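Student: Sharing a structure with you now.
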């Protein structure tokens, strides 16, 4: 079977990229309740997945432009909110009499609630930090792409992540643990998460290069956000495509 030529700008791979972005975001929030040790650092398990959303956020902005990335960021927010609502509803459903996962239905219900419950303060901090971090990451990458005329991809993927992850970590840790953890402890948590997540992005740079180069060739797209409205609350796309 011969495939007909695909018109430029069809964005055939965009749904897959968006799906990975949203999935990594939701999975990271679900497993974040688990804490693990990494040398001198204590980190939530979500750290192993959440940076993937930044990597794919970089890919979205680099290939499809800030406006498309903005849409996917809001889709991710909505999907995460939906997941939280469904999980909270499931916690309050009465346990079945035959549910003996941990001995008795009551014990099983208690364990389920302990793992999947969301403290309102933690949840609000997570949502605010996500939006601030993702939009900063995308905005800075788009601006740096124009400033570098599309060269030196590593400078904008790492540079945008340094700013976005710093904002994400600082906002989340501050809102979630202020008054609970001493000030120097909050600073230590912010720095440790920021360093680990940023290092993750730096190590993954070759993968980011491969994904970006593949998508630019496959999609015949290379957006430069010269005329884009960078407001985070605008839905429509305005980025101007420019060929390689």
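Student: What is the extension gain from residue 74 to residue 128, computed as 0.36 nm multiplied by their sequence separation minus the C-alpha to C-alpha distance, in nm to one decimal?
Tutor: Stretched fully, the residue 74-residue 128 segment lengthens by 18.2 nm.
Student: Choose one answer from 212, 72, 180: the residue with the largest mean-square fluctuation in a GNM of the chain with alpha-carbon springs under 10 Å.
Tutor: In the Gaussian network model the winner is 180.
Student: Additional query: Of the peptides 24-35, 107-118, how do they stack up when ordered by the mean number of other Cβ atoms within 10 Å, highest first?
Tutor: Peptide ranking by packing, descending: 24-35, 107-118.
Student: What is the packing order of peptides 168-177, 135-144, taking the mean over residues of other C-beta atoms within 10 Å and listing the highest first?
Tutor: 135-144, 168-177
Student: Relative contact order for the stretch 142-244 using alpha-carbon pairs under 8 Å, separation at least 6, rounded to a whole percent?
Tutor: Taking the mean separation of contacting Cα pairs over the length of the stretch 142-244, I get 26 percent.
Student: To continue, here is another question. Among 84, 196, 234, determine the one that fluctuates most according to a GNM of the chain built with springs between C-alpha atoms less than 10 Å apart.
Tutor: 234
Student: Given a Förster distance of 45 angstrom, what is the FRET efficiency for residue 37 paired with residue 86, based on the Cβ-Cβ distance and rounded to 0.05?
Tutor: About 0.90, to the nearest 0.05.
Student: How high is the relative contact order of the chain, given as a whole-number percent (alpha carbon pairs under 8 Å, six or more residues apart)?
Tutor: Relative contact order, the chain: 25 percent.
Student: Which one, (i) 14.1; (ii) 12.3; (iii) 17.3, gives mean projected area of the Cα convex hull in nm² as derived from the coordinates shown?
Tutor: Step by step, mean projected area of the Cα convex hull in nm² for this structure corresponds to label (iii).
Student: Still on this structure: Figure the gain on full extension for residue 10 and residue 213 (residue separation times 0.36 nm, minus the Cα-Cα span) and round it to one decimal in nm.
Tutor: Answer, rounded to one decimal: 71.4 nm.
Student: A further question follows. Report the extension gain between residue 178 and residue 117 in nm, rounded to one decimal, defined as 0.36 nm multiplied by the number of residues separating them, less their alpha carbon distance.
Tutor: So the extension gain works out to 19.9 nm.
Any read-out appearing in this document is the output of simple, stated calculations on the displayed coordinates, not a laboratory observation. Worth saying up front: this structure is predicted, and the values here are computed from it rather than measured. With ideal geometry, Cβ positions are generated from the backbone for all residues, glycine too; neighbour counts draw on all protein chains shown.
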